[in-house]
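Below: one structure, written as structure tokens.
The values are calculated or read from the model by the stated rules, or taken from the named source; none is laboratory data. Predicted model only: the values in this text are computed from it and were never measured. Please note: Cβ atoms are built from the backbone with ideal geometry, for glycine as well, and neighbour counts cover all protein chains shown. Accessible surface areas use protein heavy atoms only, side chains included; no ligands, DNA or RNA. Shrake-Rupley method; radii C 1.70, N 1.55, O 1.52, S 1.80 Å.
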Amino acid sequence: MIRAHGLSRQEQDDLARRFGRVLDATCPHVRRVQQIVEEYAARGYLCIVVGDRGHAEVEAVLSYAAGAGRVVAGPEEVQGLPDAEKAVVVAQTTQNEELFRAVVREAEQKYAECLSFETICRSTSRRQAEARALTQKVNAMIVVGGYNSANTRRLAEISAAAGTPTYHVETEEELDVDRILSYGRVGLTAGASTPNWMIRRVMLRLIEEHRRRSGRLRDMVRSALAGLVFTNLCAAGGLAALTFASAHLLTERPARLPLCMAISFTFMLGQQILNQYVRRGSLYLSEPARSNFFMRNNGALLALGLAASCLSIILSFLLGPLVLSLVALGSITGFVYQLRFPRPLALRLGVRSLEQLPASKDAFVGLAWGALAGVVPALVSAGTTLRGALVAAALCFLMGFQRTLALDIRDLWADRLLGRETLVRILGGTGASVLFVVLVAFQALTLVSAGMSERLTPLAFPMLVGPVYALLCFSLLRKSQLDEDVSDALVEGQFYLIGAVALLWMS
């Protein structure tokens, strides 16, 4: 596979001879520069490339000039170029626009016939223009990206040339936080090749440190919310609230409802923490705020997760063998979900683990929510009919499924980066959004059907506030770039709302 910078003509020919198939991933903008140089070199033009000597892209472009190409770093080098009747000027695709124009002006004075082609990538041009504009509005600039990245270095140069204190960093660990936070307003930009997760981690580090030092009530509340979300107490409480509401849908409320809620809470808490512990490496890329929290509290969270999982098994034992079997099966499935299959089995199945089965996460989470919030209360409620239990379980399954789907739509870019085969990756953002609306519609229809049935209580009608909330919340998630803790809390809010409705209805 040929990377975006491209390869020299000779290297490409060599690869074609040695291998049966070569995937050319050369950037189309780079390919255009190569084609221009190749065409005009063949017509006798001196090809002038404005760029960085030794850069992979520049070296590849020069190979197409067949010896008629020269590299200049700035206008001062033009007079040192060989004489020629005609010349053509192109630019490295990540070059500074102003520098390129200065070279063109100088070349037009030296050569009787001088053509120029604007070959700077439009994305690079926009970033440079935005960086120039941003330097006028801030007291300091942070440029995120690799030190060897030409386009990133260019942004840092542009910012520094504007007289704005500029900090070029690759990772959040390199931030001089004390100095940066001393400025009134700080701008942040990044090179075209800088991955999104790297930008988010730098931005997050500054936001977290600013909140920690501010001492304001608003920032203290946000820190407390983040703690509830990232310890997974918020998610566990949501499932317990749904269990409470589901139990009150049944015509006969379970006598041991607090125990059912405790099982839901501890099971969810344990599974969430242990699952995140196993994939803590991918959290670094996909959910930086959660990852930072996990790294700071690694030992305590692992102990809490193990204790919660064990407690859920112990509590389920008190409700009889059926509930125990259900919870044990869920715990085992959660444990083996990310474990790799033996190689022979993986080759036969075509996947390395259950996690790689398309849409497996959405299905497993939905089943777990349906079993814990819908089936368990029905099993310990003597007067519940089978149909009533199935409707309650189906309702909880739909809500658990749509919860996971909403969070997966939010994290679509991270799943693509990590190669997770989620339902959203299969359907795409638009298809997954349509599916979410369909699931919410089914949830509403299930509630209406339940409310009209004599096998369930009329609580189903007030619980219709849940689908309305879900649609409003989903619309907000799609339109706004919310922080991880806020978006998680909003999604879990549906279950607390339904639990509150059930509490009010009961009173």
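Here A502 fits the description: in contact with a Pro (Cβ under 9 Å, 6 or more places away or on another chain) and either part of a helix (DSSP H, G or I) or in contact (Cβ under 8 Å) with a residue 12 or more places away in the chain (or both). Of the helices (runs of 4 or more DSSP H) contained entirely in segment 182-282, those carrying at least 3 residues that are polar (S, T, N, Q) fall at 257-278.
Within segment 275-286, one or more residues are free of Cβ contacts under 8 Å to residues at least 24 places away in the same chain and out of contact with any Phe, Trp or Tyr (no Cβ under 8 Å at 6 or more places or on another chain). Is it the case that segment 303-323 has a residue that's within 16 Å of P254 (Cα to Cα) and among the small types (G, A, S)? Among the residues of segment 303-323, at least one is within 16 Å of P254 (Cα to Cα) and among the small types (G, A, S), which makes the answer yes. Within segment 390-401, track down each residue that is surrounded by 21 or more Cβ atoms within 10 Å (Cβ to Cβ) and within 21 Å of L459 (Cα to Cα). Selection gives V391, A392, A393, L395, C396, F397, L398, M399, G400. Where helices (runs of 4 or more DSSP H) fall entirely within segment 55-173, those with at least 3 residues that are open to solvent by 20 Å² or more (accessible area, probe 1.4 Å) and under 26 Å from Q35 (Cα atoms) are at 56-63, 97-110, 122-135. Just so you know, in segment 355-388 the residues that are surrounded by 18 or more Cβ atoms within 10 Å (Cβ to Cβ) and outside any helix (DSSP H, G or I) include one that is modelled with the lowest pLDDT, and it is T384. Once segment 256-308 is narrowed to residues that are of a type in the set (V, I, T) and under 24 Å from the mean Cα position of the chain (by Cα), the residue that is nearest to R222 (Cα to Cα) is I273. Of the residues making up segment 443-482, those that are part of a loop (DSSP other than H, G, I, E, B), of a type outside the set (K, R) and within 21 Å of S381 (Cα to Cα) are S453, E454, T457. Being at positive phi and either open to solvent by 60 Å² or more (accessible area, probe 1.4 Å) or modelled with pLDDT of 90 or more (or both) is a property that does not hold for N196. From the list L347, L322, L311, the one residue that fits, being free of Cβ contacts under 8 Å to residues at least 60 places away in the same chain, open to solvent by 60 Å² or more (accessible area, probe 1.4 Å) and in contact with a Leu (Cβ under 8 Å, 6 or more places away or on another chain), is L322. The lone criterion from (1) more than 30 Å from T93 (Cα to Cα); (2) of a type outside the set (K, R); (3) in contact with a Leu (Cβ under 8 Å, 6 or more places away or on another chain) left unmet by G191 is number (1).
Please verify whether segment 204-216 includes one or more residues that are open to solvent by 70 Å² or more (accessible area, probe 1.4 Å) and without any contact (Cβ under 8 Å) to a residue 24 or more places away in the chain. Scanning segment 204-216 turns up at least one residue that is open to solvent by 70 Å² or more (accessible area, probe 1.4 Å) and without any contact (Cβ under 8 Å) to a residue 24 or more places away in the chain.
Looking only at residues that are assigned to a loop (DSSP other than H, G, I, E, B) and aliphatic (A, V, I, L, M) in segment 1-45, which one is most open to solvent (accessible area, probe 1.4 Å)? The qualifying residue most open to solvent (accessible area, probe 1.4 Å) is M1. Contact annotation: residue pairs with Cβ atoms under 7 Å, 6 or more positions apart or on different chains, pairing a residue in segment 239-265 that is closer than 18 Å to G330 by Cα with a partner that is outside any helix (DSSP H, G or I), are L259/L318; L259/L319; C260/P254; C260/V380. Scanning segment 217-249 for residues that are small (G, A, S) and surrounded by fewer than 16 Cβ atoms within 10 Å (Cβ to Cβ) yields S223, A224, G227.
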